[in-house]
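**Q** Please read through the structure below; I'll follow up with questions.
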Amino acid sequence: MQANLKIQRYDPEVGEEPRYDSHQLDLPEYATVLDALLQIRDDVDGSLAMRASCRSAICGSCSMRINGEARLACKTLIANIVQVEGAEVTIEPMGNMPVVKDLVVDMSMFWDKVQKIQPGLLPKTPEPEREFIVSNDSMLDLATALNCIMCGACVSDCTVLEVDKEFIGPAALAKAYRFSNDPRDNATDLRLDLYSQENYIWSCTRCFQCVQVCPKDVAPMEKIMSLRKQTIEAGHTNNPGTRHTQAFADSIRKTGRLDEIRLTVKAFGITNITAMIQLIPIGWRAFRHKKMPHLLPKSISSIKNVRRIMDKLGNE
Amino acid sequence: MATIQHDVIIIGGGLAGMRAAHEALTQGGDVAMISKIYPTRSHSAAAQGGMQAALTEEDSWESHAYDTVKGSDYLGDQDAIEILCREGVDDIIAMERMGVIFNRDESGKIDARAFGGTSAKRTCFVADQTGQALLHVMWEQLLRLGLKTYDEWFVTDLLVENNRCVGSVAMQISTGQLHLVRAKATVLCTGGAGHIYAPSTNGLAVTADGLGMAYRAGASLMDMEGVQHHPTTLKSNGVLITEGARGEGAYLLNSKGERFMENYAPNMLELASRDVVSRAETTEILEGRGVDGTVFIDLRHLGRELITTKLAQIYELARDYANCNVIEEPLPIQPGYHYLMGGIKTDVDGRTWDVSGNNKWKGVEALFAAGETANVSVHGGNRLGGNSLLDTVVFGRRTGAGAVEYAKSVDYGEISEASVKDTEARIKSLFDRPDGVRSATLRREMGAAMNDGIAVFRNEESMNIALQKVRALKEKLPEVSLHNSGRIFNTDLLAYFELENMMDVAEAIALSALSRKESRGAHARTDFPDRDDENWLKHTLATKGNSGPEISYLPVTITKWEPTVRSY
Ligand SMILES: Cc1cc2nc3c(=O)[nH]c(=O)nc-3n(C[C@H](O)[C@H](O)[C@H](O)COP(=O)(O)OP(=O)(O)OC[C@H]3O[C@@H](n4cnc5c(N)ncnc54)[C@H](O)[C@@H]3O)c2cc1C
Ligand code: SF4
Ligand code: SF4
Ligand code: FES
């Protein structure tokens, strides 16, 4: 199979602006983007910097932007992309984090944010003699959040983080959910108080982008919405966070940046009426400023599903 | 010269390293952890199937220990195995309290699934991503406790003065800067040797660094012929299909659709020990009952519900890397390199040196090891699935405690800055080399040579060929040139260091394997097909001599279980 990889390169030691290198490759049928990059790094250009280890979508090392969207290189089959998106595959580092070199970004902001949500279960007292007795369902509920492999894809493509670096962000909040919903944890109330402060759960605009890009189906936005419900039910309503429900709109007003909306609409699809309605005020303001992006993006519903359907058709 | 200093330095942020750090920290030690990849990226995250311990009342740690001894083909040290199985029960409970979600049974207790070579269902699991679940929870706890970590730092060398490890040299990958790392106790938790073989189930970062460094520093590598091939790996890229799949009831089929394990292990069938199943598959393939070098794992009868909940990752891996829907069709698989039973010889507290003072084996004072890189000898000739994660937490904990205690009793050793300058000079000379071969080329050739010569079956001739090839490749190391002489995130340079480590270790594997003239566990020789307890109930030790590894032997510790015939 033939593919053309266009890779963004940047070396701070050389100090030049980022450039794109093109590589025409002949690849095996099941080659992933990672396989292609490894082939380049091994044999063609050993100066290409990237992270990778497990090759099986579990270590979270290899997130990067592939054709504009954050994905795991090891989980993205070249054949699938080429079929759906064309023979040229553009590879860039993740967004919202500074680039160290080539495809490697500085994730310290990512890890700092995880630290901020106060990770670490604080077991209820008195501790049982053996394991905590809890239902399998309650554990399975946490599993959806614990599936997170800390790859950073959601943070890379989060539309709020693009304008507001203070936002704790989707991955850290998915982890927050994991603690505040753990029946064995002793600090639920303190946690909910923290999570409803400014820059936590109320800063999300429900743009859906994190749900769209997450390679492990963590659905961070849904976790954030559950946390909102949980904090309100627990009575944590009068704090700066809750009063900032419109954070994204505010940020936009503050910075005047609007391109993010395109991603938003793309992610929702046209059937998600409720979500679209929530977006109207922003879109309308944008329209007045003649900055309205194309309303019908290239792919309408979840790209993943489209791809799956195409796969099936292709095989039959 | 930039220097960092901690009483206890743990090199490696996988499950063993994290558990050691956790224990050292809770005991009040001044401890830090160095890892070449961010700790949650460690290969422990890839462990799928689960972790063994006898938690139920019907089960007993003795039964677990017996299964482990038998699985090891009597090469495991029984004192260490007793500790593993006895203390492991509390270690699993402790991990649960730290936050691991473990699948539950109907009564809300930790559930367990069947695994190969075990007489009871005792493999605790979190769906089919147990390693990730354990590793992330351990990491959350370390964040809470505020462990000092040096993430994405690559340790290049251990520093030894008068046979005592006084520290190491490490490079901060993001800047390329070298640091002198001073420690009273240095703990290696650097994982296995995955990429000595190709294909391999292991992650790209599993490159035998700790093994290579310890070997060069003067420690003993024990039972290095113990290389485990897992029965179910994908042909396309070597990725693992967990034993949990067979634990949940999957069949193995040959090209005729027969459950061939009936002919090899009539009682345990698909759940015989890994060495047994891998040999059976290889025999089927060699005798013409495979398809393109594979046999099949069949999950169809397990049903969609079970597959998409308890084996969800497997479902995805098969779909993504083999274009196979396991709900509807059997998946082609083959045995592939998976695990190193061998490792740095330690005692049950992780010490690499013989504290009895009798010098029964060569080691390095103040150097500790735990996890896959170590060999406290609980796996012997063949590891049972689910026992490695347990090994990392039980002996990670004991080693963390051992290191803190040791560090209290000594002062920092003298260290000369010359050692860092040596590394600096080596790097510079690498940058200055003229165009030559790529390290990746040598790595691939080594992988193929090892896989051809020292895999599921082996003999004098095949192993000799592998050894000669590895030695020839090693001689080519000075011809390797780099594409990159920058300082920032220079993975080309790191790949070279990794290759050096792997080549030393590959040579040790080949020589240890050649020396053991019998078949035991995963070491299955066609020229010596039987186990020979009279002559070979002993460990092989490989230590660095003037012209490569030298082999010596150490008795096996037997407490309760005398060797008998092993059948499944
Ligand atoms: C695909 C797969 C599935 C498995 N499934 C199971 C299972 O179900 N049950 C089971 O019991 N076992 C399983 N195993 C085995 C088990 O996962 C491993 O043996 C175990 O996790 C090893 O842990 P570790 O902490 O020793 O090493 P690792 O987790 O590999 O960690 C090694 C650490 O050392 C660091 N490091 C290495 N070199 C350097 C250096 N030069 N400088 C600095 N840092 C360095 C790395 O960054 C990393 O943090 C599986 C293994 C594989 C490959
Ligand atoms: S839904 Fe919220 S958290 Fe997710 S990407 Fe959008 S703004 Fe960010
Ligand atoms: S939530 Fe998903 S996208 Fe975000 S870091 Fe976790 S796994 Fe990656
Ligand atoms: S290499 Fe581990 S997630 Fe891609």
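**Q** With each label point set 7 Å from Cα along the Cα-Cβ vector, what nm distance links A:ASP112 and A:GLU13?
**A** 2.6 nm
**Q** For the stretch A:74-164, what does the relative contact order come out to in percent, with C-alpha contacts under 8 Å and a separation of six or more?
**A** 32 percent
**Q** Further question on the same structure: Can you give me the Cα centroid spacing of the stretch B:27-69 and the stretch A:1-51 in angstrom?
**A** 37 Å
**Q** From Cα pairs below 8 angstrom and at least 6 apart in sequence, can you work out the relative contact order of chain B, rounded to a whole percent?
**A** This gives 22 percent for chain B.
**Q** Right, next: For labels at B:ASN535 and B:SER356 in the simple 7 Å Cα→Cβ model, what's the distance in nm?
**A** Spacing of the two 7 Å Cα→Cβ label points: 2.6 nm.
**Q** Compute the distance from the alpha-carbon center of the stretch A:119-165 to that of the stretch B:380-424, in whole Å.
**A** After rounding, the separation between the Cα centres reads 30 Å.
**Q** At 0.36 nm per residue, and after removing the present C-alpha to C-alpha distance, how many nm does the segment from B:THR559 to B:SER416 gain when stretched out fully?
**A** 47.0 nm
**Q** Among the DSSP beta bridges whose two residues both lie in chain B, what percent are antiparallel, rounded to the nearest 5?
**A** Restricted to chain B, the bridges split so that about 65 percent are antiparallel.
**Q** Out of B:PRO266, B:SER462, B:ASN451, whose Cα points farthest toward the positive end of the dipole of the protein assembly as shown (charges: +1 Lys, Arg; -1 Asp, Glu; placed on Cβ)?
**A** Final value for the positive-end residue is B:ASN451.
**Q** Further question on the same structure: Give me the lysines in straight-line cross-link reach of B:LYS476: C-alpha distance below 27 Å, same-chain residues under 8 apart excluded.
**A** B:LYS36, B:LYS421, B:LYS428, B:LYS544
**Q** I've got another one for you. Go through B:228-235, B:460-467 and give me the packing order, highest mean Cβ count within 10 Å leading.
**A** B:228-235, B:460-467
**Q** Give me a single rounded figure for B:477-488: the average over its residues of other chain Cβ atoms within 10 Å of their Cβ.
**A** Mean partner shielding for this stretch: 3.
**Q** Which lysines, on any chain, are close to B:LYS408 with Cα under 21 Å apart, when same-chain ones fewer than 8 places away are left out?
**A** Reachable lysines: B:LYS148, B:LYS184.
**Q** Another question about this same structure. May I ask which residue of B:GLY218, B:GLY402, B:PHE497 lies farthest towards the positive end of the charge dipole of chain B, with charges of +1 (Lys, Arg) and -1 (Asp, Glu) on Cβ and the Cα centre as origin?
**A** Of the candidates, B:PHE497 comes out farthest on the positive side.
**Q** Of the options B:THR233, B:VAL326, B:GLY413, report the single residue whose Cα projects farthest towards the positive end of the charge dipole of chain B (beta-carbon charges: Lys, Arg +1; Asp, Glu -1).
**A** The listed residue farthest towards the positive side: B:GLY413.
**Q** Same structure again: Where both partners of a DSSP beta bridge lie in the protein assembly as shown, what percent of those bridges are antiparallel, to the nearest 5?
**A** That works out to approximately 70 percent antiparallel.
**Q** I've got another one for you. May I ask you to sort A:HIS23, B:HIS301 by Cβ crowding, counting other Cβ atoms within 10 Å and putting the fewest first?
**A** Result, fewest neighbours first: B:HIS301, A:HIS23.
**Q** Shifting gears a bit: What is the mean number of Cβ atoms from other protein chains located within 10 Å of the Cβ atom of each residue in peptide A:143-153, rounded to a whole number?
**A** Averaged over the peptide's residues, the number is 4.
**Q** Would you give the gap between the C-alpha center of the stretch B:443-516 and the C-alpha center of the stretch B:290-368, rounded to a whole Å?
**A** Taking the Cα centre of each part, the stretch B:443-516 and the stretch B:290-368 sit 21 Å apart.
**Q** Now for a separate question. For the stretch B:39-145, which chymotrypsin sites (Phe, Trp or Tyr not before Pro) are both in a DSSP coil and crowded by at most 16 other Cβ atoms within 10 Å?
**A** Qualifying residues, ordered by number: none.
**Q** By count of other Cβ within 10 Å, fewest leading, how are B:LEU340, B:LEU390 ordered?
**A** Fewest-to-most Cβ neighbours within 10 Å comes out as B:LEU390, B:LEU340.
**Q** Please report, in whole Å, how far the alpha carbons of the stretch A:1-75 spread along each principal axis, starting with the longest.
**A** Principal axes ranked by extent give 35, 27, 24 Å for the Cα atoms.
**Q** Seen from all sides and averaged, what is the projected area of the convex hull of the Cα atoms in chain B, in nm²?
**A** The Cα convex hull of chain B, projected and averaged over all directions, gives 24.2 nm².
**Q** What does the charge dipole of the stretch B:233-337 about its Cα centre add up to, to the nearest 20 debye, if the Cβ of each Lys and Arg holds +1 and the Cβ of each Asp and Glu holds -1?
**A** Dipole size: approximately 40 debye.
**Q** Still on this structure, I have one more. By how many nm would the segment from A:LYS124 to A:LYS165 grow when fully extended, if each residue of separation counts as 0.36 nm and the alpha-carbon distance is taken off?
**A** Here the answer is 11.3 nm.
**Q** So which GluC sites (Glu not before Pro) in the stretch B:371-448 pass both tests, a DSSP loop state and at most 13 other Cβ atoms within 10 Å of the Cβ?
**A** Taking the stretch B:371-448 and a limit of 13 other Cβ atoms within 10 Å, the loop GluC sites (Glu not before Pro) found are B:GLU414, B:GLU417.
**Q** Return the loop-located trypsin sites (Lys or Arg not before Pro) in the stretch A:157-189 (DSSP other than H, G, I, E, B) with at most 14 other Cβ atoms within 10 Å of their own Cβ; answer none if there are none.
**A** Answer by residue number: A:LYS165.
**Q** Quote the FRET efficiency, to the nearest 0.05, computed for A:GLU198 versus A:GLU233 with a Förster distance R0 of 30 Å and r equal to the Cβ-Cβ distance.
**A** FRET efficiency, A:GLU198 to A:GLU233: 0.90.
**Q** Let me spell out the model: positive unit charges on the Cβ of Lys and Arg, negative unit charges on the Cβ of Asp and Glu, origin at the Cα centre of the protein assembly as shown. What dipole size does that give, in debye rounded to 20?
**A** That gives the protein assembly as shown a dipole magnitude of about 2420 debye.
**Q** Please report A:PHE132, B:PHE489 as a ranked list, fewest other C-beta atoms within 10 angstrom at the top and most at the bottom.
**A** Ranking A:PHE132, B:PHE489 by Cβ neighbours within 10 Å, fewest first, gives A:PHE132, B:PHE489.
**Q** What is the stretch A:108-233's relative contact order, in percent, from Cα pairs under 8 angstrom and six or more apart in sequence?
**A** 33 percent
**Q** Name the helices (complete DSSP H segments) of chain B with a Cα length along the long axis of 24 Å or more and a Kyte-Doolittle mean of at least -0.5, or state none.
**A** B:78-98, B:387-408, B:491-515
**Q** Moving on. Roughly how many debye, to the nearest 20, is the charge dipole of the stretch B:424-524 about its Cα centre, given +1 on each Lys and Arg Cβ, -1 on each Asp and Glu Cβ, and no other charges?
**A** My answer is approximately 120 debye.
**Q** Now for a different question. Per residue and in cubic angstrom, what volume does the convex hull of the Cα atoms of the protein assembly as shown have?
**A** Hull volume normalised by residue count: 163 Å³.
**Q** If you take each beta carbon of peptide A:104-117 and count the beta carbons of other chains within 10 angstrom, what is the mean?
**A** Going residue by residue through A:104-117 and averaging, the value is 2.
**Q** How much FRET efficiency would the formula 1/(1 + (r/R0)^6) give for B:ARG259 and B:GLU305, where r is the Cβ-Cβ distance and R0 is 25 Å, rounded to 0.05?
**A** 0.60
Where a number appears in this text, it was derived from the coordinates with a stated rule and is not lab data. As the structure is a computational prediction, the values presented were derived from the model and not from experiment. Here Cβ is always computed from backbone atoms with ideal geometry, including for glycine, and neighbour counts include all displayed protein chains.
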